[in-house]
1. Decide, for region 175-228, between rounded, prolate and oblate: order the square roots of the alpha carbon gyration tensor eigenvalues as a ≥ b ≥ c, take rounded if a/c falls under 1.5, and otherwise choose prolate if a/b is larger than b/c, else oblate.
2. What spacing in nm lies between the two simple spin-label points modelled at THR215 and PHE42, each 7 Å away from Cα in the Cβ direction?
3. At 0.36 nm per residue, and after removing the present C-alpha to C-alpha distance, how many nm does the segment from ALA335 to GLU302 gain when stretched out fully?
4. Amide H to amide H under 5 Å from CYS354: which residues, 5+ apart in sequence or cross-chain, H placed 1.01 Å off N in plane?
5. If we count every other residue with Cβ under 13 angstrom of ILE36's Cβ, Lys/Arg +1 and Asp/Glu -1, where does the sum land?
6. Give, in nm to one decimal, the length gained when the segment between LEU190 and GLU382 is fully stretched (0.36 nm per residue of separation minus the Cα-Cα distance).
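Readers should treat all values here as calculations from the given coordinates under stated rules, not as data from a laboratory. Only a predicted model underlies this, so the values are computations on that prediction, with no experimental measurement involved. Cβ placement follows ideal geometry from the backbone for every residue including glycine, while neighbour counts extend to all protein chains displayed.
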Amino acid sequence: MGRRRRRVDRGAAVGALPEAIAALSRTLPAGPSPEIFRRAKFDRPEAAPALWQLLFRVLSPLSANGASAPAAQEAQVRVVKSELHSQGYPRRALAQLPEDGSRGSRELLLALAWLLARGPLLERLLAQTRVRLGDEIPLCECEALARPGPPVPRVEADGPVDIRQLQWLMGKLRFQWRKLITSQQEQCALLGKIHSYTRGCHSDRSLDHLSVAETELLRDAEGGQQMLRRLESENVRLEAALHWRRQELVFWRWMDTVLGTCPPEASQPTFVPRIPERGAGEWELVARELQALREELRGAAEPRRAAWEARVGGWGPEWSAVQRASREAVGLELAALQRAWERGGAAAQPHGPCRLVKSDAGASGGPGLRAAQVIEVLRSREACLEAVLCQLQRQCRQELARLAGALPGLIWILPPGR
């Protein structure tokens, strides 16, 4: 009886694996069939082109219509390698694959599993391709810690720099900036007109007006059919994502076997997540794994930090200025975080896009954000950016002073202030 039950459970697990992979493929853009995944486990070359294309669609930015820009096979391979390297992919075997995309299906499968394990990949892809029916504004109430990063040491130019070229580029940048602001103001004016003219037309009383997409549906019946097909396709992807979440454990157990068939690499980290069985020692297993990963990270970071400090220690006083500027930037970020905490308390700040809804001045506040809150967030971001700008201007003045000291016979005349 026990042998028969184990045989039935093993058969159910084998049957659940293709279902889990099929659900994952329906969620991913241009997802391959479960047979491609099976061949990739054994590093079959015929599975490589489909996986290269899948990773390219996952890693490349989307255009306005939600589709990736077409590219040749060699270009796709270079983009995938570059993006994985920039995100810290640990295996060096993928970087050594040929750029014709003819081999490396197992490494590509491991790279896909790494992307799935390190973050909410499916949620991000579903958010990028979702159908937007309302007029939305991207907003995050967390403090925008926008800074250009740690300053780099001074590098001399290869040849003479034409000041007129720099002035022309600066004027072009200002013109494009004013053009962008004007277009955004026109868009806001048109949105306000649509929201005012369609007042009382929406079935939802909390919205009370139509959006641009809903207004376009009333004008074009064929567009309504296309929108319906897009909504049906989105529902299929959402159902597949739910099914994948239910069958995810089966996939990760199978990926353990895929990782076991790979040749070991030097100091190869384990990135496939281990999902322990439910029980009393579940939290102890997770705590031990986190402690082991912390010790491994500390052991890998300390030698690199010591080598970096020994290498840059003899670069002169320039790196002292770099470190001082980095400390100032970190201080600005900590102050911005402190202001955000004091303003918002311990409550979680909302992320993501918010729908624009026009309401009366005396209307009761709903569950969304008020315009005054958004203005407060934007003013806080403006203050942070002003502080960063003052820091950059101070660095430029110091650089000009250094250049003036290097050329004593030259007189520097600064442009008049505006």
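1. The shape class here is oblate.
2. 5.9 nm
3. Working: separation 33, 0.36 × 33 = 11.88 nm, distance 2.82 nm.
Length difference between fully extended and current span is 9.1 nm.
4. So CYS354 has HN proximity to ILE137, LEU139.
5. +2
6. Working: separation 192, 0.36 × 192 = 69.12 nm, distance 2.56 nm.
Stretched out fully, the LEU190 to GLU382 stretch lengthens by 66.6 nm.
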